[in-house]
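The values are calculated or read from the model by the stated rules, or taken from the named source; none is laboratory data. The model shown is predicted, which means the values in this text are computed figures rather than measured ones. We place every Cβ from the backbone using ideal geometry, glycine too, and count neighbours over all the protein chains shown. Ligands, DNA and RNA are excluded from the accessible area calculation, which covers all protein heavy atoms including side chains. Shrake-Rupley method; radii C 1.70, N 1.55, O 1.52, S 1.80 Å.
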Amino acid sequence: MMNFAVFASGRGGNLQAIHKAVKSGKIKARLALVFSDKKDAYALEYATKEGIATLHLNPKEFETRETFDREIVKHLRRAKIDFVVLAGYMRLVSGYFVEQYPDKILNIHPSLLPSFKGMHAIKDAFEYGAKVTGPTVHFVVEQMDEGALILQEPVAVESKDTYETLKLKIHEAEHRIYPKAIDLFVRGKLKIEGRKVIVL
Ligand code: GRF
């Protein structure tokens, strides 16, 4: 069975949805490590409660993005991590990291890429007046929000929606598609062809 790590900086809503899918056998891989760059991230607390190994490293104690990532990768190797799932991890990963885990890092972004890249995707789509938005699971490359797309789920923006209700709907959609995408990845059902991911 493959081992994977989830990286989270915050609440860990996606982490919890993914963990649930692991526990119920929908994802046949071992969630072996939860990493956070934030000491107080609820994701770490959740993992500890659930008996999952945790790791925290403070990026401020490292000189560059790459030295930080080198230290993380050392731990990942030690834990025999096969692939990495970024779930609300609010840092860019270095080229070094991507080279160490080529086509083996997944991320979720809360808009239909390539629309609304960046840190405030839900708010940006809402304020722009988009009628449809929704999350994207994609492979990670060095450039932010640029890798090949794996799954997307459209979420309608209705007149009665507020930013808060929209955020909730997008998070619910995230918790559906992220476990699904990880399951496809684990079963070797994702084939990257240039920009495209073919679901076998
Ligand atoms: C999600 O909206 C995700 O798309 C974005 O950060 C948020 C993380 O939420 N990258 P959570 O920590 O998984 O609850």
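Computed quantities for the displayed model
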item: Residue list for the stretch 166-188, restricted to those being open to solvent by 30 Å² or more (accessible area, probe 1.4 Å) and farther than 21 Å from Leu200 by Cα; result: Lys167, Leu168, Lys169, His171, Glu172, His175
item: Residue count for the stretch 59-89, restricted to those that are in a loop (DSSP other than H, G, I, E, B) and either of a type outside the set (Val, Ile, Thr) or within 16 Å of the ligand (Cβ to nearest atom) (or both); result: 8
item: Extreme residue, least open to solvent (accessible area, probe 1.4 Å), among residues of the stretch 40-60 that are more than 16 Å from Tyr89 (Cα to Cα) and not basic (Lys, Arg); result: Ile52
item: Qualifying residue in the stretch 33-52 (condition: more than 25 Å from Thr136 (Cα to Cα), free of Cβ contacts under 8 Å to residues at least 40 places away in the same chain, part of a helix (DSSP H, G or I) and within 13 Å of the ligand (Cβ to nearest atom)); result: yes
item: Count of the stretch 154-165 residues which are surrounded by 18 or more Cβ atoms within 10 Å (Cβ to Cβ) and touching an Asp or Glu at 6+ places or on another chain (Cβ under 9 Å); result: 1
item: When residues of the stretch 190-200 are limited to those that are touching a strand residue (DSSP E or B) at 6+ places or on another chain (Cβ under 9 Å) and farther than 16 Å from Asp82 by Cα, the one least open to solvent (accessible area, probe 1.4 Å); result: Val197
item: Residue under evaluation Lys23, criteria (1) open to solvent by 10 Å² or more (accessible area, probe 1.4 Å); (2) within 20 Å of Ile177 (Cα to Cα); (3) in contact (Cβ under 8 Å) with a residue 12 or more places away in the chain, criterion not met; result: (3)
item: Set Tyr128, Tyr96: member being more than 17 Å from the chain's Cα centre (by Cα), away from the ligand (no atom under 11 Å from the Cβ) and assigned by TED's automatic domain parsing to the domain that holds Gln16; result: Tyr96
